[in-house]
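Visitor: The structure is given below, and queries will be raised subsequently.
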There are 2 protein chains.
Amino acid sequence: MSIEEMTSGHNGVDVATLFATLDAVKEQPQLARFQFRASNRWISGTNNRGTVNGYYGAGQEHSRDADFSFDADHPPVLVGLDRGPTPAEHLLIALAACLTSGLANIAAARGIQLEEVTSTVEGDINLLGILGLDDEVRNGYEAIRVVFHVKGDAEAEKLAALVEQSRRRSAVFDVITHGVPVTVDVATA
Amino acid sequence: MSIEEMTSGHNGVDVATLFATLDAVKEQPQLARFQFRASNRWISGTNNRGTVNGYYGAGQEHSRDADFSFDADHPPVLVGLDRGPTPAEHLLIALAACLTSGLANIAAARGIQLEEVTSTVEGDINLLGILGLDDEVRNGYEAIRVVFHVKGDAEAEKLAALVEQSRRRSAVFDVITHGVPVTVDVATA
């Protein structure tokens, strides 16, 4: 891959900046410390709205020009009004998004031009758990399956290797497969 | 709590239907088997779009009137264009939403009228992991903290107990704290 190809912005990824960022982080590893945040406000029933804006990273606070806001709700069959995906579906969105963003960066770094990347995610869940009707059943998904379709200017094996490398370096895949300590507190003020 | 109170729709939750649903599932546990799904399409660079619609549950397939769609992207500091939250932020949205939806249902079932429920979620992540610069650093969040503010017509202890019960029965909290098996495959067709 020539310098020209590397800097030409494969797949909409600014590869030169991507590599410059990697070099900067190698020099100053503390730049890699990030804190992401979300807030949520209950609306009515099972409907609530999540908002994302500010985050810390690369040594400083950042804010976006506008908030990102997303409703969640339960569907009527779960006594909601379907004003948004269920929270459990939001989780599937996060997983597919993480694998896809990573794949695009890896393809660009490897000089592979992507044509189309789609994926589907399925999660099996037995609601006897969250309904409190069977202590043997967990609350969360029992299994999640992701299937990718990738088209690009490389042989099938190299396209499949993009998916595998993205999986190996995915933040959301890591959290969902290995778990993370979560504290849930109530502010009394 | 009288029958009238139970059926009056606390907090926008149709409590009568909620209890009827619980009774139906006790009779026919197979109704509790659900499969949620999402799909994703790459747009450009780290920007991609997740879509949610159909799901299986309560013994049948369901579809919504319209798709729910959500963009994800990386911010400029991570060589993206900020066209949506990062996938890791989507995960935080899912967690807060799940705890909040559950809390509203539990409050309704306990006859507590909610006035305001807000929460904030913070997740610490060291990007040396996903950047492949330090094998000792995990890809995902190192820790996640959720803080709830709850106002309603009950004493502080009972409001705090809503948060605790929701945490105990949250699908997304369970997945994020305990992990779940995830397969990632590539379709060759």
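Visitor: Does the range A:17-34 contain any residue that is within 7 Å of chain B (Cβ to nearest Cβ), assigned to a strand (DSSP E or B) and touching a residue at least 12 places away in the same chain (Cβ under 8 Å)?
Guide: Looking for residues that are within 7 Å of chain B (Cβ to nearest Cβ), assigned to a strand (DSSP E or B) and touching a residue at least 12 places away in the same chain (Cβ under 8 Å), one finds at least one in the range A:17-34, hence yes.
Visitor: Does residue B:133 fit the bill of being at the interface with another protein chain (Cβ under 8 Å from one of its Cβ atoms) and either open to solvent by 30 Å² or more (accessible area, probe 1.4 Å) or modelled with pLDDT of 95 or more (or both)?
Guide: Answer is yes for this residue.
Visitor: Residue B:90 is checked against (1) farther than 14 Å from residue A:46 by Cα; (2) over 10 Å from the mean Cα position of the chain (by Cα); (3) of a type outside the set (Val, Ile, Thr) and fails just one. What number does that condition carry?
Guide: Condition not satisfied by residue B:90: (2).
Visitor: For the range A:141-165, what are the residues that are touching a residue at least 40 places away in the same chain (Cβ under 8 Å), under 15 Å from residue B:132 (Cβ atoms) and surrounded by fewer than 24 Cβ atoms within 10 Å (Cβ to Cβ)? Reasoning before the result, please.
Guide: Filtering the range A:141-165 down to residues touching a residue at least 40 places away in the same chain (Cβ under 8 Å) leaves A:141, A:144, A:146, A:148, A:150, A:152-154, A:158-159, A:162-163, A:165.
Imposing the further condition that a residue be under 15 Å from residue B:132 (Cβ atoms) reduces the set to A:162, A:165.
A:165, the sole residue that qualifies.
Visitor: Condition first: touching a His at 6+ places or on another chain (Cβ under 9 Å) and either over 22 Å from residue B:62 (Cα atoms) or within 7 Å of chain B (Cβ to nearest Cβ) (or both). Now tell me which residues in the range A:69-86 satisfy that.
Guide: Listed by number, the residues that qualify are A:70, A:72, A:75, A:77, A:82, A:84, A:86.
Visitor: Pull up the range B:45-92, narrow it to residues that are among the aliphatic types (A, V, I, L, M) and more than 16 Å from residue A:13 (Cα to Cα), then point me to the one that is modelled with the lowest pLDDT. Let's see the steps before the verdict.
Guide: Narrowing the range B:45-92 to residues among the aliphatic types (A, V, I, L, M): B:52, B:58, B:66, B:72, B:77-79, B:81, B:88, B:91-92.
Filter once more, so that each one left must be more than 16 Å from residue A:13 (Cα to Cα): B:52, B:58, B:66, B:88, B:91-92.
Details: B:52: 98, B:58: 92, B:66: 96, B:88: 98, B:91: 98, B:92: 98.
Selected residue: B:58.
Visitor: Another one. Test residue B:38 against the criterion of being under 30 Å from residue A:58 (Cα atoms), buried (at least 24 other Cβ atoms within 10 Å of the Cβ) and among the hydrophobic types (A, V, I, L, M, F, W, C), and give yes or no.
Guide: Criteria not met by residue B:38.
Condition check ((1) touching a strand residue (DSSP E or B) at 6+ places or on another chain (Cβ under 7 Å); (2) open to solvent by less than 10 Å² (accessible area, probe 1.4 Å)) across all residues:
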| position | (1), (2) |
| --- | --- |
| B:23 | no, no |
| B:33 | yes, no |
| B:50 | yes, yes |
| B:63 | no, no |
| B:84 | yes, yes |
| B:109 | no, no |
| B:116 | yes, no |
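Visitor: Considering every residue within the range A:7-21, establish whether at least one is more than 25 Å from residue B:42 (Cα to Cα), more than 20 Å from the chain's Cα centre (by Cα) and at pLDDT 85 or above.
Guide: Among the residues of the range A:7-21, not one is more than 25 Å from residue B:42 (Cα to Cα), more than 20 Å from the chain's Cα centre (by Cα) and at pLDDT 85 or above, which makes the answer no.
Visitor: Count, please, the residues in the range A:95-107 that happen to be of a type in the set (A, V, I, L, M) and touching a Gly at 6+ places or on another chain (Cβ under 8 Å). It would help to see each step written out before you state the result.
Guide: Step one: of the range A:95-107, the residues of a type in the set (A, V, I, L, M) are A:95-97, A:99, A:103-104, A:106-107.
Restricting the remaining residues to those that are touching a Gly at 6+ places or on another chain (Cβ under 8 Å) gives A:96-97, A:104, A:107.
Number satisfying all stated conditions: 4.
Visitor: Then there is this: Would you check if residue B:115 is part of a strand (DSSP E or B) and more than 7 Å from every other protein chain (Cβ to nearest Cβ)?
Guide: Yes: the conditions hold for residue B:115.
Visitor: Let me ask something additional. Scan (1) open to solvent by 30 Å² or more (accessible area, probe 1.4 Å); (2) at the interface with chain B (Cβ under 7 Å from one of its Cβ atoms); (3) farther than 19 Å from residue B:57 by Cα for the single condition residue A:174 breaks and write down its number.
Guide: Only one criterion in (1) open to solvent by 30 Å² or more (accessible area, probe 1.4 Å); (2) at the interface with chain B (Cβ under 7 Å from one of its Cβ atoms); (3) farther than 19 Å from residue B:57 by Cα is unmet by residue A:174, namely (1).
Visitor: Being over 14 Å from the mean Cα position of the chain (by Cα) and assigned to a loop (DSSP other than H, G, I, E, B) is the filter here; which residues of the range A:140-189 pass it?
Guide: A:140, A:141, A:142, A:153, A:154, A:155, A:179, A:180, A:181, A:187, A:188, A:189
Visitor: Considering (1) among the small types (Gly, Ala, Ser); (2) touching a residue at least 60 places away in the same chain (Cβ under 8 Å); (3) closer than 20 Å to residue A:176 by Cα, say which one residue B:132 fails and leave the rest.
Guide: It fails just one condition, (2).
The values are calculated or read from the model by the stated rules, or taken from the named source; none is laboratory data. These numbers come from a predicted model, not from an experiment. Neighbour counts run over all protein chains shown; Cβ positions are idealised from the backbone, glycine included. Note: areas computed on protein heavy atoms with side chains; ligands, DNA, RNA excluded. Shrake-Rupley method; radii C 1.70, N 1.55, O 1.52, S 1.80 Å.
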